[in-house]
Amino acid sequence: MSLPQVLDRHLRDLFGSGRVNSVLGAIPTRGPLGMAQLARTPEEVERFTLSPLACPNLLVHLTSKEARLDPTRFPLAVLARGCETRMLNQIFSEHGLRRDQVYVVGLAHCPGAIDPRRLSAQLPVLRGFPEATIEGEEVVIREESGELARLARTELVLERCRHCQNHEPLIDDYRFDLVEEADWIEPVSVDEDPGVEAIDAMIPIERWAYWRSQLERCIRCHACRDACPLCYCENCILERHTPCWVKRSVNLPENTAYQLLRVMHLVGRCTACGECERACPVDLPLGLMMRKMENLVREYYGHRSGLDPSGEHLLSIFDPRDTTATARLEQ
Amino acid sequence: MLIGDRKQQSYEPRIVAFLCNWCAYAGADLAGTQRLSYPPNVRVIRLMCSGRVDPGFIIEAFLEGADGVIVAGCHPGECHYEHGNRLAERRMTTLQHLLGFIGIEQARVRLAWVSAAEGRKFAQLIETTVEEVRALGPFQQFPRRAP
Ligand code: SF4
Ligand code: SF4
Ligand code: SF4
Ligand code: FES
């Protein structure tokens, strides 16, 4: 359950040499979901796990308000899968953090992380601290009493893993292979996204009927914003009173405006990691919007966030070809 | 706040137009001095540059009861702040698609380039926008007050 010896050793050495003040990793929890944990001492590293059940994107603990108020946690080492290194790149590119504040332990050959909701749908009851291992196209789920089930990998991993183009870390200071052989799922073609396509195929009135039924359920808990590692403005416009961009009232117009503003602040930055959707207590399909926008900026501007640590923000630059993209709108 | 008669039978679209001071607004002015007639459905908001238009302005306009929004600035290459209009282009394109994805008809959001000499183009822009938005009917998706 704990970390492989060589990795454990390496993290302890990082503390020993004074290279880092803390290590960010995930620990097992009851049920189908790991939890982020900040280790301040070498001993705490022992609790970490590389289990695919530990799906949360850890990076929010690098950019959250708590992190800002607690500079002593930096420099910090983070166990980062490919997708997380991509997001780190994005954060570096927008000067959210400096590269030297973060020691990246890249987890290579990532076979994917398990979506707790997809797992619960197939196995509603999981007792104690379950374990999961990915063996080829199968995921083996074990409880303390023994093997519980073997499930198809593609049916179980997070949506982002289905579309993943970054199974290998983009940046690292140290590299650890999660599986011996790189045998990840063939990514669903980037141009294919059945969820998004289903909405694209609707006429406007149907689309709104769908989103209305969703947005009406939002309780404005701000969890989608809080869970996003890229939502780290000190002065978030979603809670500002002067000027007031969106009112506090929880109703359809304000909920819609809230969501539109949030998405517009993430266009070209969002890596479609899906944390916002996972954090939503009422299961709004926020990932659909995020993936729609990700696909759009790739198609129109050839832009993929986070690939270039010195890249500029999509909406602060322009390109002579943009006019063609704009002209397409008028049709 | 916009106030008007919202009864379907006498539906008159309300269009909010964000115009840049140097080109589009001057174009609108010219349309006036040339005595060109265009529908009175448009409420003009003058800004120094189309690059000043935050996507939030457009969302706010819809919340407050606009049926359609126009953003108009100088032609590409002619922005008085070098490339504000090119930035507006990307913002408006992404916003229009996001709105489209949740079911706001694309014709309700329009980006146009109007120079100070194009009074006629401005009048036409307003005319086509008003006609298209009229055909779509009042904006009912998420206004703060029911239409
Ligand atoms: S998105 Fe890719 S790198 Fe990230 S957990 Fe899924 S498979 Fe691994
Ligand atoms: S997490 Fe869900 S319920 Fe909470 S504010 Fe975001 S969309 Fe609304
Ligand atoms: S998918 Fe959601 S949580 Fe992840 S980067 Fe995009 S907006 Fe943030
Ligand atoms: S000054 Fe006219 S668009 Fe910038």
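The values are calculated or read from the model by the stated rules, or taken from the named source; none is laboratory data. In this text the structure is predicted, and so the values were computed from the model without any measurement. Neighbour counts are summed over all protein chains in view; Cβ atoms, including those assigned to glycine, are modelled from backbone coordinates with ideal geometry. We work out accessible area using only protein heavy atoms, side chains counted, and drop any ligands, DNA or RNA first. Shrake-Rupley method; radii C 1.70, N 1.55, O 1.52, S 1.80 Å.
Quick notes on this one:
- Label-point separation in nm, A:THR154 to A:TYR174, each point 7 Å along Cα→Cβ: 3.7
- Extension reserve of the A:LEU69-A:GLU299 stretch, reckoned as 0.36 nm per residue once the Cα distance is removed: 78.9 nm
- Estimated FRET transfer efficiency when R0 is 22 angstrom, pair B:ILE45-A:CYS244 (beta carbons, to 0.05): 0.75
- Summary of the geometry: the range A:25-47 and the range A:93-114, compared by the centres of their Cα atoms, lie 17 Å apart.
- Partner shielding of A:203-211 amounts to 5, given as the average count of beta-carbon atoms from other chains within 10 Å of each residue beta-carbon.
- Nearest-20 debye value, the protein assembly as shown charge dipole, Cβ charges on Lys, Arg, Asp, Glu: 1860
- Scalar couplings 3J(HN,Hα) for the range B:114-124, obtained by applying the Karplus form with A = 6.51, B = -1.76, C = 1.60 to θ = phi - 60°, are 9, 8, 5, 9, 9, x, 5, 4, 4, 4, 5 Hz; x denotes Gly and Pro.
- The amide H of A:ALA108, built 1.01 Å from its N in the peptide plane, has A:PHE176, A:ASP177, A:LEU178 as neighbours under 5 Å, considering only residues 5 or more places off or on other chains.
- Looking at the range A:37-111, the accessible area is 35 square angstrom per residue; that uses a 1.4 Å probe and ignores ligands, DNA and RNA.
- 3J(HN,Hα) from dihedral phi, the range A:199-215, Karplus parametrisation 6.51/-1.76/1.60, rounded to Hz, x for glycine, proline: 6, 4, 6, 7, 7, x, 5, 6, 4, 5, 4, 5, 5, 4, 4, 7, 5
- Loop sites in the range B:55-147: trypsin sites (Lys or Arg not before Pro), DSSP, at most 12 other Cβ within 10 Å: B:ARG145
- Rounded Å value of the spacing that divides the Cα centres of the range A:151-178 and the range B:76-108: 34
- Amide hydrogen neighbours beyond the local backbone of B:ALA17, cut-off 5 Å, H modeled: B:ARG43, B:VAL44, B:ILE45, B:ILE70
- Label-to-label distance, A:ARG12 versus A:GLU181, with points set 7 angstrom from Cα along the beta-carbon direction: 3.3 nm.
- Its relative contact order, with pairs defined as Cα atoms under 8 Å and 6+ residues apart, puts the range B:13-134 at 39 percent.
- Annotation note: GluC sites (Glu not before Pro) in the range B:76-114 located in DSSP loop regions with a Cβ neighbour count of at most 16 within 10 Å are B:GLU78, B:GLU82.
- When chain A is treated as a GNM with alpha-carbon contacts under 10 Å, the residue of A:ARG30, A:ARG12, A:ARG262 showing the greatest mean-square fluctuation is A:ARG30.
- Amide H to amide H distances under 5 Å link A:ALA77 with A:ASN21, A:SER22, A:VAL23, A:LEU24, A:TYR103, where only residues 5 or more positions off or on other chains count and H is placed in the peptide plane.
- Sparse-neighbour loop sites [trypsin sites (Lys or Arg not before Pro); the range A:131-173; at most 14 other C-beta within 10 Å; DSSP]: none
- Compared with the dominant principal axis of the Cα atoms in chain A, helix A:286-301 is inclined by about 70°.
- Percent accessible area from carbon and sulfur atoms, the protein assembly as shown, protein chains only, probe 1.4 Å: 52
- Vicinal HN-Hα couplings computed from phi for the range A:63-75 (Karplus, 6.51 cos²θ - 1.76 cosθ + 1.60; Hz; Gly/Pro x): 10, 5, 4, 4, 5, 5, 7, 10, x, 5, 6, 9, x
- Number of partner chain Cβ atoms within 10 Å, mean per residue of B:104-117: 2
- With the cut-off at under 19 Å, measuring from each backbone N in the range A:64-106 to a point 7 Å along the Cα-to-Cβ line of A:GLU46 picks out no residue.
- Residue of A:HIS313, A:HIS167, A:HIS241 that the Gaussian network model of chain A assigns the largest fluctuation, springs spanning Cα pairs under 10 Å: A:HIS241
- Using a 1.4 Å probe over protein heavy atoms, the accessible area lost on pairing B with A, summed over both chains, comes to approximately 3400 Å².
- Summarising the label geometry, the points placed 7 Å from Cα in the beta-carbon direction at A:ARG30 and A:ARG117 lie 2.3 nm from one another.
- Shielding of peptide A:255-267 by partners, expressed as the average count of other chain Cβ atoms within 10 Å per residue Cβ, is 5.
- With at most 14 neighbouring Cβ atoms within 10 Å, loop GluC sites (Glu not before Pro) (DSSP) excluded, longest segment of chain A: A:1-136
- Model label zone, A:CYS233; criterion: amide N under 16 Å from point 7 Å along Cα-to-beta-carbon; scope the range B:18-59: B:52-59
- Simple point charges give the picture: +1 on the Cβ of Lys and Arg, -1 on the Cβ of Asp and Glu, and for chain B a dipole about the Cα centre of about 200 debye.
- Toward the positive end of the charge dipole of the protein assembly as shown, with +1 on the Cβ of Lys and Arg and -1 on the Cβ of Asp and Glu, the farthest Cα among A:CYS270, A:VAL23, A:GLN122 is that of A:CYS270.
- Choice from A:THR63, A:THR49, A:THR242 showing the highest fluctuation, given a GNM over chain A with Cα pairs closer than 10 Å: A:THR242
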